[in-house]
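**Q** Here it is, the structure in full.
The values are calculated or read from the model by the stated rules, or taken from the named source; none is laboratory data. Computed from a predicted structure; not experimentally measured. Cβ: placed from backbone, ideal geometry, glycine included. Neighbour counts: every protein chain shown.
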Amino acid sequence: MERELRRKLRLLPKAELHVHLEGSLDPALLLELARRHDCAFGVATLADARRLYSFHDFPGFLQAIIGACRHLVTPDDYALAVRELTRRLAAQGIVYAEVFVSIGVLHWRKVEVAPYWEAIESARRQAQEQRGVRLAWIADCVRQFGSEAAQRVLDECIRLMSNYSLVGIGIGGDEVKGSAEWFIEVFRRARAAGLGLTAHAGETCGAASVWTAARDLAVHRIGHGLRAVEDHNLLQYLAEHDICLDVCQISNRKTGVWNGITPHSVVDFDKWRIKYSLASDDPGIFGSSLLKELYAFPLDWPARHRALRQGFLASFLPDSEKAAYLAAFDAAWRQLQLPNP
Ligand SMILES: [Zn+2]
């Protein structure tokens with residue numbers, strides 16, 4: 001894409017709805033964290049960090065994200081990750097982001113979680129003041145930890161949501177080892193509490209997994225949903241029920257769930273008029289970004305325009321705030337004279 005169009009896309013105010021705090025650590029930041037902790041987790045050089053992040057399949061990716069998580073030890077480590085992520089988002093013109101934080105991992109470590117929340121909230125407030133990027137948290141439950149662990153995450157969300165910028169709950173981790181069915185009761189309670197609902201699905205498992213997330217968990221958004229294309233009834237269901245997918249093509253290529261040769265599922269999502277936004281997923285691990293998602297793939301301008309607006313529309317913000325962001329987005333699109341959608 002020509003330089004001038006890239007510049008304009010950077011200036012456009014944008015939202016990103018699928019980015020993991022733990023996956024935002026790039027090799028340099030991972031090394032900085034490793035040095036804080038005497039290189040106790042197998043990373044002592046930049047080459048080690050890069051090696052951890054060089055994988056070719058989904059199990060390899062899971063090892064990489066587990067390795068990244070290990071380096072987030074103290075509340076201050078999490079605060080540093082928030083500051084660095086915000087700096088990168090601001091550099092891309094992202095004004096609003098919903099960021100997954102894997103609370104399930106902190107519970108699993110049996111640490112007191114309150115100081116971690118305080119640290120990320122304080123870093124979030126500071127980042128918003130200094131860089132004008134607003135972050136909101138989605139508490140991520142790890143599928144393979146099971147439903148009891150997810151209930152604990154939800155209990156904590158319900159306790160904290162009135163004081164913290166916590167807008168949703170999700171399930172991530174290993175889709176093969178943790179069926180979405182386990183979480184029906186968690187999601188029913190989360191919905192009643194007013195939390196936004198999202199699930200990673202259809203990434204390593206087939207259409208049945210997406211059906212469960214869409215119909216039984218009644219999520220508002222689905223992370224990836226690639227394999228929904230195996231079932232046309234499901235594609236129709238997603239379109240009719242206004243379920244928005246988070247499309248992360250660089251992530252899909254790097255984890256090997258998409259071969260990069262056959263057309264990406266997003267082609268079918270367009271054909272079936274399924275709503276989607278674009279996102280980087282784990283930008284530090286994949287070297288991805290929302291801007292790269294926009295540049296690197298042959299989406300036409302109407303599709304880019306729809307996906308970027310969807311970033312605000314499918315967010316867990318109140319309607320009045322979505323409208324304000326969209327008005328600013330539409331005005332900037334016109335002012336920058338981007339191609340007609
Ligand atoms: Zn993800």
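**Q** If you take the residues of the range 168-192 that are in contact with a strand residue (DSSP E or B) (Cβ under 9 Å, 6 or more places away or on another chain) and small (Gly, Ala, Ser), which of them is farthest from Ala64 (Cα to Cα)?
**A** Ala190
**Q** If I go through the range 152-165 residue by residue, how many of them are buried (at least 16 other Cβ atoms within 10 Å of the Cβ) and among the polar types (S, T, N, Q)?
**A** Step one: of the range 152-165, the residues buried (at least 16 other Cβ atoms within 10 Å of the Cβ) are 152-154, 156-158, 160-161, 164-165.
In the following step, the residues that additionally are among the polar types (S, T, N, Q) were identified as 165.
Count: 1.
**Q** Check Ala136 against each of (1) of a type in the set (A, V, I, L, M, F, W, C); (2) surrounded by 17 or more Cβ atoms within 10 Å (Cβ to Cβ); (3) more than 19 Å from the chain's Cα centre (by Cα) and name the one condition it does not meet.
**A** (3)
**Q** Going by the structure shown, is Ser288 under 29 Å from Val229 (Cβ atoms), polar (S, T, N, Q), in contact with a Leu (Cβ under 6 Å, 6 or more places away or on another chain) and at pLDDT 95 or above?
**A** Numbers: under 29 Å from Val229 (Cβ atoms): yes; polar (S, T, N, Q): yes; in contact with a Leu (Cβ under 6 Å, 6 or more places away or on another chain): no; at pLDDT 95 or above: yes.
It is false that Ser288 is under 29 Å from Val229 (Cβ atoms), polar (S, T, N, Q), in contact with a Leu (Cβ under 6 Å, 6 or more places away or on another chain) and at pLDDT 95 or above.
**Q** Okay, moving on. Find all pairs meeting these conditions: Cβ atoms under 8 angstrom apart; at least six residues apart or on different chains; first residue within the range 276-289 and under 18 Å from Ser265 (Cβ atoms); second residue more than 10 Å from the ligand (Cβ to nearest atom) and aromatic (Phe, Trp, Tyr).
**A** Listed by first residue and then by second, the contacts come to Tyr276/Phe269; Ser280/Phe286.
**Q** Of all residues in the range 309-341, count the ones that are in contact with a strand residue (DSSP E or B) (Cβ under 6 Å, 6 or more places away or on another chain) and of a type in the set (A, V, I, L, M).
**A** 1
**Q** Separate question: If you go through the range 90-118 one residue at a time, how many are under 20 Å from the mean Cα position of the chain (by Cα) and away from the ligand (no atom under 16 Å from the Cβ)?
**A** Kept after step one, since they are under 20 Å from the mean Cα position of the chain (by Cα), are these residues of the range 90-118: 90-106, 116-117.
Of the ones still in play, those that are also away from the ligand (no atom under 16 Å from the Cβ) are 90-96, 106, 116-117.
Residues flagged as under 20 Å from the mean Cα position of the chain (by Cα) and away from the ligand (no atom under 16 Å from the Cβ) within the range 90-118 amount to 10.
**Q** What are the pairs with Cβ atoms under 8 angstrom where one residue, in the range 179-206, is within 16 Å of the ligand (Cβ to nearest atom) and the other, located anywhere, is charged (D, E, K, R) and assigned to a loop (DSSP other than H, G, I, E, B)? Sequence gap at least six, or different chains.
**A** His200/Glu175; Ala201/Glu175; Glu203/Glu175; Thr204/Asp174; Thr204/Glu175; Cys205/Glu175
**Q** Another question, then. Does the range 164-178 contain at least one residue that is on the phi > 0 side of the Ramachandran plot and modelled with pLDDT under 95?
**A** Going through the range 164-178, the residues on the phi > 0 side of the Ramachandran plot turn out to be 173.
Of the ones still in play, those that are also modelled with pLDDT under 95 are 173.
Yes.
**Q** Please tell me if Arg88 is among the basic types (Lys, Arg) and within 30 Å of Leu12 (Cβ to Cβ). Before the answer, list the steps.
**A** Values: among the basic types (Lys, Arg): yes; within 30 Å of Leu12 (Cβ to Cβ): yes.
For Arg88, the condition - among the basic types (Lys, Arg) and within 30 Å of Leu12 (Cβ to Cβ) - is met.
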